[in-house]
Amino acid sequence: HAITFPCTDVVAEVWGAARARLMVYLGVCVFLIATAFYMIGTRLPGVPDWPLNDAYNSIFATADRMILASLAATCVAQLMDIFVFEKIKKITGQRRLWLRNNLSTAMSQLLDTTIFYTIAFYGVLPNATLPLLIIGTYLVKLLLTAIDTPVVYLLVRWITGHWTAPGDIVTES
């Protein structure tokens, strides 16, 4: 999941925010289709004489809440990532790709983590545990955000032959 944020940043850098949003919308559609198959599969009768039917149903019986949490968190956070990335790019132009990558991803990862854990575990875990889980997970994601910056630069360079790209920047004629 962490790889999706640098991917949207690369797409926004090279092809613009509209293309990055389209990528998120398509990803959500694929996620919804996969979820529909999952939900159908878990509600069908089990395989006759398979000794693990009860275990399978026990494991997947509560997964709907996790899937909803993941879908909501990913969609909202990815769109925020693109929005912040685009706003920073309008200010910095083609300079400071590292800034828009890190700031947009750091902000959106906090939103992603908060939405996911709140929907998935509110009322399931003790209320005092939830903020600790969010903060701990976010700190790990923050570290990954810093690590992915060279990857974003290398992907932009590989695609365009340059370290940055104009993307949505409109040049005056």
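Throughout, read-outs are computed from the coordinates displayed, never taken from laboratory work. The structure presented is a predicted model; accordingly, all values stated were derived computationally and were not measured. As a convention, Cβ positions derive from the backbone with ideal geometry for all residues, glycine included, and neighbour counts pool all protein chains shown.
Here are the numbers for the structure shown:
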quantity: Listed residues Tyr122, Thr92, Ala77: farthest to the positive end of the dipole of the chain (Cβ charges); calculated: Thr92
quantity: Charge dipole (debye, nearest 20) of segment 39-137; +1 at Cβ of Lys and Arg, -1 at Cβ of Asp and Glu; calculated: 760 debye
quantity: Dipole magnitude of the chain, debye to nearest 20 (Cβ charges: Lys/Arg +1, Asp/Glu -1, about Cα centre); calculated: 480 debye
quantity: Stretchable slack from Lys87 to Thr4, in nm (0.36 nm times residue separation minus alpha-carbon distance); calculated: 28.0 nm
quantity: Sum of -39500 (n - 2.57) over DSSP H runs of 4+, divided by residues of the chain (222 nm, nearest 500); calculated: -27000 deg cm²/dmol
quantity: Axial C-alpha extent at least 15 Å, average Kyte-Doolittle at least 0.0 - helices from the chain (DSSP); calculated: 4-15, 17-43, 63-92, 97-121, 129-160
quantity: Ile147 paired with Thr118, simple spin-label distance in nm, labels 7 Å along Cα-to-beta-carbon; calculated: 2.8 nm
quantity: Loop-resident sites, segment 62-104, for trypsin sites (Lys or Arg not before Pro), counting at most 15 other Cβ within 10 Å (DSSP); calculated: Arg95, Arg96
quantity: C-alpha center-to-center spacing [segment 15-32, segment 79-101] in angstrom; calculated: 18 Å
quantity: Charge context of Thr105, other residues only, Cβ under 10 angstrom, K/R +1, D/E -1; calculated: -2
quantity: For Rg/Rh (Cα atoms, Kirkwood Rh), calculated from these coordinates, the label among (i) 0.98; (ii) 1.72; (iii) 1.08; calculated: (iii)
